[in-house]
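Taking it in order: structure first as structure tokens, then the write-up.
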Amino acid sequence: MNLGLEGRTVLVTGAAKGIGRAIATSIAEEGGNIALHYQTSEKEALETANVIEKLGVKVALVKGDLASIDDVQTMKKTIEKQLGTVHSIVNNAGYAQYKSFFKYEPGEWTREVDVCFYGVLHLAHTFMPDMMNSNEGKLINIIGDSARTGDRNLIISGAARSGATSFLKSLSQEVGRYNIQCNTVSLGLIDQGQEFDAAMLEKILKQYPLKRLGNAGDVQGIILFLLSAWSDWITGQVISVNGGQSMIG
Ligand SMILES: NC(=O)c1ccc[n+]([C@@H]2O[C@H](COP(=O)([O-])OP(=O)(O)OC[C@H]3O[C@@H](n4cnc5c(N)ncnc54)[C@H](OP(=O)(O)O)[C@@H]3O)[C@@H](O)[C@H]2O)c1
């Protein structure tokens, strides 16, 4: 199946390691050029860029804090010089603190909102006008299912991402006429070598009808599909990739 990603430029945020790295690599395997964003993980970003370059596509490394509109605008200039216009964005970066609301000091919640909510606005406001001019584009925002179901220990990032999801629904109505699709991918727990003791793992897996954690491949598949022309009539949607842990109608 040809996904039509050859020669396209995709910005993947938080792509130095983890799920972002897996996403960027799979897009490169389909021939897409990668604007590889990182914030602090420079060494890992360089390693990922090396791997991707060997796949025969172009890579531009871009550093920035998504909470800063200035950084995001500078990222755009850097990418343009090296790769030209960004066709699509996968916003994989995120910042969450795992604790009860009452363990926060006032104001300590700001950063999660700045990254997980305003970061999405910064990306859309900076990159989408070019997509509108070229009458095509895709923006995919990755969130955790906690933003849909609630999670008392992911209370701020969940709320911020719920706001971003609402924003993308409304934005998809605004930019649909320019053939731009905005969708949200909502993840369950992805296995990245976290160490769970057997009892904890058993407790977690009880919540998953498919009886396993997710893996990078589970995420890569949906992202490649949503970046491809095969998803051109899908916009404003939230798609959970979560082993059935939550089933939201
Ligand atoms: N892993 C899971 O089970 C799971 C479950 C549900 C949802 N998710 C979501 O899936 C995404 C990927 O998960 P992950 O576990 O691979 O990675 P992660 O550690 O949660 O975060 C991904 C990247 O976000 C970047 N980041 C953080 N704050 C930033 C900021 N202010 N500006 C720019 N970038 C920033 C970091 O880049 P640097 O390292 O370069 O600083 C980090 O590598 C995240 O959004 C995560 O919340 C993951």
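The values are calculated or read from the model by the stated rules, or taken from the named source; none is laboratory data. Here the structure is a predicted model, which is why all the values come from computation and not from measurement. Note that we place each Cβ from the backbone using ideal geometry, even for glycine, and neighbour counts take in every protein chain shown. For accessibility, only protein heavy atoms count, side chains too; no ligands or nucleic acids. Shrake-Rupley method; radii C 1.70, N 1.55, O 1.52, S 1.80 Å.
What the table below lists for this structure:
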| item | result |
| --- | --- |
| Segment GLU44-GLU80, extension gain: residue separation times 0.36 nm, minus the distance between their alpha carbons | 10.7 nm |
| C-alpha center-to-center spacing [the stretch 184-249, the stretch 60-122] in angstrom | 22 |
| Environment charge of GLU112, counting only residues whose C-beta is closer than 14 Å and scoring Lys/Arg +1, Asp/Glu -1 | -1 |
| Highest to lowest packing among 162-171, 137-146, scored as the average C-beta count within 10 Å | 137-146, 162-171 |
| Label point 7 Å beyond Cα of LEU55 along Cβ direction - residues of the stretch 20-38 with amide nitrogen under 12 Å | 20-36 |
| For GLY144, residues with placed amide H under 5 Å, excluding near neighbours | LEU187 |
| Those lysines that a straight Cα-Cα span of less than 25 Å connects to LYS54, excepting residues fewer than 8 apart in one chain | LYS17, LYS43, LYS63, LYS76, LYS77, LYS81 |
| Solvent-accessible area, 1.4 Å probe, carbon plus sulfur percent, for the stretch 117-168 | 51 |
| Whole-Hz ³J(HN,Hα) from phi, Karplus 6.51 cos²θ - 1.76 cosθ + 1.60, for the stretch 229-234, glycine and proline x | 5, 5, 10, 5, 10, 10 |
| For the chain: relative contact order, % (alpha-carbon pairs under 8 angstrom, 6 or more apart) | 19 |
| Residues with amide H under 5 Å from that of GLY137, placed H, sequence gap 5 or more | GLN181 |
| For peptides 175-184, 53-62, sequence by mean Cβ density within 10 Å, most packed first | 175-184, 53-62 |
| Helix 119-134 vs. the chain, principal-axis angle (Cα, 0 to 90°, nearest 10) | 30 |
| The stretch 200-206 - phi-based ³J(HN,Hα) in whole Hz, Karplus 6.51/-1.76/1.60, Gly and Pro as x | 5, 4, 4, 4, 5, 5, 4 |
| Quotient of C-alpha Rg and 2.2 N^0.38 Å, computed over the stretch 9-240 | 0.99 |
| Label-point separation in nm, GLN73 to THR149, each point 7 Å along Cα→Cβ | 4.1 |
| Sites SER100 and ILE239, calculated FRET efficiency, Cβ-Cβ separation with R0 30 Å, nearest 0.05 | 0.55 |
| The stretch 1-102: chymotrypsin sites (Phe, Trp or Tyr not before Pro) falling in loop per DSSP and having at most 13 other Cβ within 10 Å | TYR98 |
| Long-range amide H partners of GLY32 with built H, under 5 Å | GLY7 |
